[in-house]
Amino acid sequence: MRTRSAAVIVVGGGLAGISAAIYLARAKRETLVIDSGRSMARWEPDVQNYLGFPSGVPGDRLVSKGRTQARRFGAKFQRDEILSAGRKDGHFVLKGKRAVYRCERLLLATGIFHIPPDIQGIKPCLGHSLFFCKDCDGFRVQRKAVGIYGWSNETVEYALGMLFYSSCVAVVTDGREPRWDEQHAEWLRHYEIPVYPKRIVGVTRSGTRLQALNYPDDAKLLVDVLFTTRGDIYFNKLAKQLGAETNEDGEVVVNLDMHTTVQGLYAAGCVTPANCQMIIAAGQGATAAQAINRDLFVDSLKTHKLRRVRQRQVASDRIRPVIRVKPPAS
């Protein structure tokens, strides 16, 4: 199996990883993005809250344009899935399905997976009338009949938050026993939000547009949209293999520079405790890239790498600053 090396490797080709690649490549850092092709952005057919796109933009278009931009500045992309990560001789070593990779600094932008509701026939509604994020998509469901799928405190808080957008909000637990506490149960009663506990057997929809949740005995709950709060899976396996700290939810712990608890290892985007928004992920990628570049710069001064670069410049380019002095007027 061949080995590829780069100064910086970014694992993850979503908005966080691509943003980091743009900044790193422009800083003249040899940058390789390893992308398994599973960015959550592909689930978003109409992103309405990304700065600079007043009419909205498909998530896959954002990714495509970002990759083109990163390549323009010299970033390289490799389609592969990283299976394991370790350290050897001061470098990170990543084992993928197609190759082995080595780098001095590593950025994990591996993201998360939103667990969809276990309802037959609802998959085509994803991104159209089935949503995961009230911050992203609450605005677009104003004055519609909204269902909130789940059985946790978060489910109740989603339902309460949705009241800012619609007066018609209901919680559906799909046959699960509610796990929210008494305070949240009191809020449901106080704000008169109904709870439908029966198991859901399917949906009625028109193309991608949800119309009803179907129950046994031909009963239907008429809803226009459904938000799910079933939970998330954080892709933190590589971080854990390298010894990075994660919190109780599974998010990779980082500081303000996106540095993990492991020297030289950074994380950005939805795998961290940040609010999982595309524009926040892109910002975190840029922040991590700036910190990595600074880290490499300081290292080059300590190890005299920059001196060696300068020696090669002087020997090959023979370019010197020229000062032109204007002669005095006669």
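Coordinate-derived values only; no laboratory data. All values reported here derive from a predicted model rather than from experimental measurement. Don't worry about glycine lacking a Cβ; one is built from the backbone with ideal geometry, like all the others, and counts go over all protein chains shown.
What translational D, rounded to a whole number of µm²/s, comes out for the chain from Stokes-Einstein when the hydrodynamic radius is the Kirkwood one over Cα pairs, at 37 °C and 0.692 mPa s?
Estimated diffusion coefficient is 147 µm²/s.
Amide H to amide H, which residues 5 or more places from residue 36 or on other chains are under 5 Å from it, using H placed in the peptide plane?
Under 5 Å from the amide H of residue 36 lie the amide H atoms of 12, 13, 80, each far enough along the sequence or on another chain.
What is region 123-228 by shape, rounded, prolate or oblate, if you read a ≥ b ≥ c off the alpha carbon gyration tensor as root eigenvalues and call it rounded for a/c under 1.5, prolate for a/b larger than b/c, and oblate otherwise?
Taking the square roots of the gyration eigenvalues as a ≥ b ≥ c, region 123-228 is oblate.
Using θ = phi - 60° and the Karplus form 6.51 cos²θ - 1.76 cosθ + 1.60, what ³J(HN,Hα) does each residue of region 24-36 get, whole Hz, x for Gly and Pro?
5, 5, 5, 7, 6, 9, 5, 10, 10, 9, 9, 10, 8
Among the lysines, which fall within straight-line cross-link reach of residue 95, defined as a Cα-Cα distance under 21 Å, with same-chain neighbours fewer than 8 residues apart omitted?
Correct list for residue 95: 76, 237, 240.
So who's got an amide H within less than 5 Å of the one on residue 172, skipping anything under 5 residues away but keeping other chains? H placed 1.01 Å off N, in plane.
Correct list: 148, 149, 150, 196.
With springs connecting C-alpha atoms under 10 Å apart, model the chain as a Gaussian network and identify which of 118, 89, 317 has the largest mean-square fluctuation.
Evaluated over the chain, the most mobile residue of the options is 317.
Which aspartates and glutamates does residue 305 reach when only Cα atoms under 20 Å apart count, and residues fewer than 8 places away in its own chain are ignored?
30, 89, 104, 295, 317
How much length would be gained if the chain were fully extended between residue 28 and residue 196, taking 0.36 nm per residue of separation minus their Cα-Cα distance, in nm to one decimal?
54.8 nm
Under the rule of at least 5 residues apart or a separate chain, name every residue whose amide H is placed under 5 Å from the amide H of residue 203.
Amide H neighbours of residue 203, under 5 Å, 5+ apart: 214.
In debye, nearest 20: dipole of the chain around its Cα centre with unit charges on the Cβ of K, R (+) and D, E (-)?
2880
Can you list the cysteines of the chain that have no other Cys Cβ under 4.7 Å away?
103, 125, 168
Where is the GNM fluctuation largest for the chain (alpha-carbon springs, 10 angstrom cutoff): 193, 22, 292?
Highest fluctuation among the options: 193.
Using 0.36 nm times the number of residues separating residue 290 and residue 43, minus their current alpha carbon distance, what extension gain do you get?
In short, 86.1 nm is gained.
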